[in-house]
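Following: one structure in structure tokens, then a few remarks.
Values in this text are rule-based calculations from the coordinates and carry no lab data. Not measured: the values here are computed from a predicted model. Here Cβ is always computed from backbone atoms with ideal geometry, including for glycine, and neighbour counts include all displayed protein chains.
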Amino acid sequence: MESEIGVGDGLRIEESNLTRDTWIRYLGYANEIGESFKRFISRRSYLASYLASSGYVVADAYYQCQKELERDSGEGSRIRVALQAGDSLIWQALASVIVPGICINRIVALTSSACKLGPVGKSASAVLPTVVGLASIPVIIGPIDRGVDFAMDRTVRGITTELLAKADVKPDPSN
């Protein structure tokens, strides 16, 4: 699997990515599982699912910064690493925690409301929202990732590219 990483078009590289292209990526979705099972688990377990996802976000940002440092220790590398950290933190917070958490929360809530309105048995009404929430996770991941990329390319990443230019830091020519 290949990932695009980096800040702005000038720093985008394609390569295999440990935190984004392996099973580790699924830690970012722990909170969606917590949202799906919210009605069956303790508040502590629910919050722990968000802690696991947030830990993944921080680990990914650290990993991306380490890769940037290994690739480039020349002029402007500190600025690029700082921008990489910001890019990773914002992207992962949005794409792995905030947006999917809200989506799954609403999907479960809507399914629960629909069960109350329709001719669904009591035991099915208790389980169906969780099943629908879990089944929704693989469906929402791609569109959310692309939506966050689209939004960041037109906002944050545009600003960071301008910051690199103003700081007279050239994007890495190997990209």
Apply the Karplus parameterisation 6.51 cos²θ - 1.76 cosθ + 1.60, with θ equal to phi minus 60°, to every residue of the stretch 105-116 and state each ³J(HN,Hα) to the nearest whole Hz, in sequence, with x for glycine and proline. 4, 6, 4, 5, 5, 5, 5, 4, 5, 5, 5, 5
Karplus-derived 3J(HN,Hα), 6.51/-1.76/1.60, for each residue of the stretch 82-87, Hz, glycine and proline x: 4, 5, 5, 4, x, 4
The stretch 130-146 scanned against label point 7 Å out from A109 along Cα→C-beta; backbone N under 20 Å for 130-137, 140-141, 144
